[in-house]
Every structure is written in C-alpha cells, then in structure tokens.
Amino acid sequence: MRLVVIIGSGAVGKMTVGQELMRQTGLRLFHNHMMIEPVIEIFGRYDGQTIVELRQVVFRRFLESGGPGMIFTYMWAFDQQRDWDYIMDVAKLFDPTGEDVYWVELVADQRVRLARNRTENRLKNKASKRDLDFSENTILHEDERYRLESLEGEMTMENYLKIDNTNLTPQETVKIIRERFGW
C-alpha cells in the first residue's frame, strides 16, 4: 500500500499540500494534528505517547481497510534518533521494502512560514495554533532547538523529493510531486 510521508518544519505547508495531493490522487490524508488536537482537548495538554499509540491504531486499521494509500504529515527533527526510528517504523508498516513509500520534504523561509501560520485553513484544522503568539513562538523555538531540514545526501531513500515551496502554491507543489513520481 502506498504511503506518502510529507515532512518539514512548522507551518511549511505539509497539511495544505497533503490536502491538495489527496484531492488529486484519492490517497487519504492523515495529517499530524488529526491526533494531536483531540489529545490536547481531552488531556488538556500535549501527550506524545498517547498520540503515538492512537496513530498506531489508525495506521493498523487503515492497512486492514485495503484503501488506496495514505498521506501522512510529520515534523521530523533530523537531529533526534527517536524521530528517525519512529518514521522508519511507520514506513515499514506500509511497505517493508520501502518501494511504495514516498518521501516529500518541504522547506520554506521562516518569514513565509510565520505568515502561513496565520492562514484560515491552518487555524480551522489546528485549534492549538489559534493562539498566534504561542504558535509563532513555538515555530521560532523549534527552529532554534531542532534541525528540521535534512542535510545534503542525508535522505538516501530512492523515492525522496525535496521541494522549496517558499514561492509555490499547493497546486504547483503537488504538480512537482506527481511529475517526479509519475502519478
């Protein structure tokens, strides 16, 4: 079953590009905040372990469903081994060989990401981002604390594509993805 993993830093456009890719391909979108938001609502705080466990249930059940494939968005801290281990385990669930796993890394200037942090679509789908001061400070803090962009040659997967979408629309970004992978 096909898995498209869209990775990138905060407010780079992972969910929005994923929505457009779903619209064009019929693959189902499971963006990161689909688990984050309910957990925050129920627990009153971010609980990473609960989020991981709930994601696993969704992945497992989706694989049983025989659906066409999934688009999963994830903010990957490349300097954190636990993030490498986690996302590779997710990929192996879908395809142990990696042949039907596609990696799309989005990168954009911080100023553009801070502007995107305020978009209607983001705020509609991510309640935890509606406190704009907190959300913007989180982006700045994550940019300082983690390495959220891969290094040249670090991503050795065959089906990997890095796109600077600073000046691209979601439609233009998806066109690049589909052309590269032949969908």
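No value in this document is a laboratory result; all are computed from the given coordinates. Being a predicted model, the structure only gives us computed values, none of them experimental. Cβ coordinates were reconstructed from backbone atoms using ideal geometry, including for glycine residues, and neighbour counts include every protein chain displayed.
Okay, here's what the table says:
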read-out	value
GNM top mover of 30, 43, 134 - the chain, alpha-carbon springs below 10 Å	43
Exposure proxy ranking, count of Cβ atoms within 10 Å, fewest first, for 65, 135, 150	65, 150, 135
Overall Cα dimensions of segment 2-177 - principal axes, largest extent first, Å	42, 37, 33
Likely footprinting exposure, 52, 107, 4, fewest C-beta neighbours within 10 Å first	52, 107, 4
Lysine pairs within the chain, Cα separation less than 15 Å, 8 or more sequence positions apart or different chains	6
Separation of alpha-carbon centers, segment 117-166 and segment 45-109, rounded to whole Å	16
Per residue, the convex hull volume that the Cα atoms of segment 17-66 enclose (Å³)	77
